[in-house]
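Following: one structure in structure tokens, then a few remarks.
The values are calculated or read from the model by the stated rules, or taken from the named source; none is laboratory data. What you see is a predicted model; the values in this text were computed from it and never measured. Reconstructed Cβ throughout: ideal geometry from the backbone, glycine too, with neighbour counts over all protein chains shown. Remember, those area values only see protein heavy atoms, side chains included, never the ligands or the DNA or RNA. Shrake-Rupley method; radii C 1.70, N 1.55, O 1.52, S 1.80 Å.
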Amino acid sequence: MLIFAREVGNNLRNIDYLLACPETGEAVAIDPWEPLGLLAEAESRGWSIRAIVNTHAHWDHTRGNHSLVEATKATVYCHPDAVSQ
């Protein structure tokens, strides 16, 4: 498994994560705060974001869902209350 993690620099100290399969390049975004940054990072590494996982339903963990889904058609895995803000 390949892992990318980056603190996004907000006051909440959120961290964007990508986990990718080294064989297929398929990636999962976890709690996306900065979707454009994640898309650029995945592209630079040859990864394709296929899924999004939200660890919980707070807005700062779901705010990038909508943009990532629009850009990648990724499936979102989360509690039903975890909606994008």
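Just the residues that are among the charged types (D, E, K, R) and either closer than 14 Å to Gly64 by Cα or modelled with pLDDT under 95 (or both), please, taken from the range 30-47. Passing the criteria: Asp31, Glu34. Across the range 3-12, which residue is nearest to His79 (Cα to Cα) among those that are modelled with pLDDT under 95 and open to solvent by 40 Å² or more (accessible area, probe 1.4 Å)? Checking each candidate, the answer is Leu12. Could you run through the range 10-29 and say how many residues are farther than 14 Å from Arg63 by Cβ and under 16 Å from the mean Cα position of the chain (by Cα)? Total satisfying the criteria: 10. Taken over the range 13-29, residues that are at pLDDT 95 or above and buried (at least 20 other Cβ atoms within 10 Å of the Cβ) amount to 4.
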